[in-house]
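Everything below concerns the one structure shown next.
The values are calculated or read from the model by the stated rules, or taken from the named source; none is laboratory data. This structure is a prediction, so every number in the text was calculated from the model and none was measured. Every residue, glycine as well, gets a Cβ built from its backbone with ideal geometry; the counts of neighbours run over all protein chains shown.
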Amino acid sequence: MTKNKYILNWIDEMAAMTQPDKIVWIDGSDEQTEALREEACSTGEIIKLNQDLLPNCYLHRTAVNDVARVEGRTFICTSKKEDAGNINNWMAPAECYEKLSKLYRGAMKGRTMYVIPYSMGQVGSSFAKYGIELTDSIYVVLNMLIMTRAGAHVLEAMGDSPDFIKGLHAKADIDEENRYICHFPEDNTIWSVNSGYGGNVLLGKKCFALRIASYLGRKEGWMAEHMLILGLQNPKGEIKYISAAFPSACGKTNLAMLIPPEIYQKQGYKVWCVGDDIAWLRVGEDGRLWAVNPENGFFGVAPGTNDKSNPNALETTKRDTIFTNVVHDLDNNTVWWEGLDNNPPANAIDWKGNPWDYKKFDKKDKSTCGAHPNSRFTSLAKNCPCISDKFDDPKGVPISAIIFGGRRAKTAPLVYQSFGWQHGTFVGSIMASETTAAAAGAVGVVRRDPMAMRPFVGYDMGDYWAHWLAMGKTIPNAPKIFHVNWFRTDDEGHFIWPGFGDNMRVLMWILDRCEDKVDAVETAIGYVPKAEDINIEGLEGITLDTIRELVSVDVESWKEDIANIKEFYNLVGERVPAELKEELAALEARLG
Ligand code: GTP
Ligand code: SPV
Ligand code: MN
């Protein structure tokens, strides 16, 4: 399909190592895709679901030991250790290549190597970057065909260029002890072995579009961020765009597709989704920051997705979708997950492939779940009812506001605005959140997750913050920076803020602030709303006092946080920019 010698030589080399029985080039045609689906169904790799109820939908179960990203086994392999920084795991490139070569050697014997040419971003646009993933998994091929723009047209766009990201993935034995997700930013290379789960193996996503892209962005003067992008349309038809960085499983997909509360719908407000996970941002000729979503689909969390919380996502999953690790309803040959509805299937198979008795499901005991808490749907962005007409626009969209956020039971208020770009960068750098099921490890532990990028920065965290500060100086008309927290809890541990669609009420305040339409109260941490400026019309059980409580700044818990922030800055190490240390000292002084 190509004469590009860089591509062909590299594939020869990888094939000599992994020794597949045959090599198949993915062209993106319906015929080939359909043949691959049939083959994967025949081996049980995927299950064809009820085609009347869920046309073109399939179910896949990963190995029980392989259900989330593995941060402990994710490496940044730069020639100098300092360049990977203290937050990333590091291995010397030569050592890593040698170690993984042994795991790859002969790993594709008896298997097929699929060659997937793909683009992150609209093919041919100035934002687009190309990659090739070699994989022995049809599941990966089918997911990449949804999540990226893939096929023969990408090879054409690549021409004779040596400039592409080389990704190699082999399932090998799905052996946890030998699972590695390794990045060689200096070589434009990604090697993944012994996993078959999403973020570990769909190499265009976190590996390329965040880890490698963040490295390239620093070199080339742009930004790759773990951000959703949405457009909020007012009754006059004007659309303002917002991007928001929340850690994994903290509400990006939900916010990106939110349905406005009735009071806003009646007035004619609408929300459009441009992206739900990753944004690439560049300074435009007009001096504003412009964003594209480099992906082509959504790899969304299934549990909790329902017709109240996220009807747009639910609708998107009704066709052309691959479900991973959800419940299989045998009576209808459909799927189910916790939080979909109150009718769990009576005759069902759980995510592990065992018969599942919903009567034994105990909300407090995750081991009784039918669907894995990190079970996912892979769906086409174009099937989303609220997809923005700018989704495919090679120019992207201009960003008015950047929002950071996380899960904090107490410390962070519902919303606050930073004092400017530098302070906003500081706010991003001290982000913290309770851990979720999206990564292997304990759930519910507070950890610092700067810009929601802790697992995804492909270089030193201090340098990454310096890049944020430097970018700010190149954007004459920079977005305003905010922080939100939908997850404050009361003394019984219940969320106080209703969240989901009602988060629009907070977005309205944010956009009003961007346009200088509303006042705010200056506090030690930033500007918070006056309670009466958050619209609570039509909200049951929420009064102005509730809002006052939600936007209050608990000085004592912030003081406690300062010690933890200092510890984290120490961990990041020498390259923490002086400006951020000054911001930290200033915050400490303001707290008194
Ligand atoms: P990744 O795909 O892992 O990057 O996750 P994400 O950030 O897109 O998270 P997602 O929108 O899938 O939400 C994850 C979980 O948070 C789901 O269980 C949601 O139900 C829950 N959630 C999302 N938004 C809200 C909210 O406003 N309030 C509350 N209480 N929960 C929310
Ligand atoms: C995340 O964990 O942030 C995800 C899912 O979006 S994964 O693709 O597995 O990284
Ligand atoms: Mn994500």
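A few remarks follow.
- Number of the condition not met by Ala524 [criteria: (1) surrounded by fewer than 17 Cβ atoms within 10 Å (Cβ to Cβ); (2) outside any loop (DSSP other than H, G, I, E, B); (3) not charged (D, E, K, R)]: (2)
- So Asp286, is it over 13 Å from Asp502 (Cα atoms), away from ligand 3 (no atom under 15 Å from the Cβ) and not in a strand (DSSP E or B): yes
- Any chance Glu315 is surrounded by fewer than 22 Cβ atoms within 10 Å (Cβ to Cβ), of a type outside the set (Phe, Trp, Tyr) and within 25 Å of Leu145 (Cβ to Cβ): yes
- Qualifying residue in the stretch 148-158 (condition: of a type in the set (Ser, Thr, Tyr), outside any strand (DSSP E or B) and farther than 21 Å from Asp320 by Cβ): no
- The residue of the stretch 527-545 that is nearest to Phe404 (Cα to Cα), among those that are assigned to a loop (DSSP other than H, G, I, E, B) and not β-branched (Val, Ile, Thr), is Pro529.
- Cβ pairs under 8 Å, 6+ apart, first in the stretch 349-377 and closer than 18 Å to Leu330 by Cβ, second in a helix (DSSP H, G or I): Lys360/Thr368; Phe361/Thr368; Gly370/Tyr358
- Selected residue (criterion: nearest to ligand 2 (Cβ to nearest atom)) from residues of the stretch 217-239 that are outside any strand (DSSP E or B) and in contact with a strand residue (DSSP E or B) (Cβ under 6 Å, 6 or more places away or on another chain): His226
- Enumeration of residues in the stretch 285-304 that are out of contact with any Gly (no Cβ under 7 Å at 6 or more places or on another chain) and within 16 Å of ligand 1 (Cβ to nearest atom): Asn296, Gly297, Phe298, Gly300, Val301, Ala302
- The residue that is nearest to Phe568 (Cα to Cα), counting only those in the stretch 395-454 that are of a type in the set (S, T, N, Q) and more than 16 Å from ligand 1 (Cβ to nearest atom), is Ser429.
- The residue of the stretch 267-280 that is surrounded by the most Cβ atoms within 10 Å (Cβ to Cβ), among those that are more than 15 Å from the chain's Cα centre (by Cα) and of a type outside the set (Val, Ile, Thr), is Trp272.
- Test: residue in the stretch 546-562 that is touching a Ser or Thr at 6+ places or on another chain (Cβ under 8 Å), hydrophobic (A, V, I, L, M, F, W, C), in the same structural domain as Asp502 (by TED's automatic domain parsing) and part of a helix (DSSP H, G or I): yes
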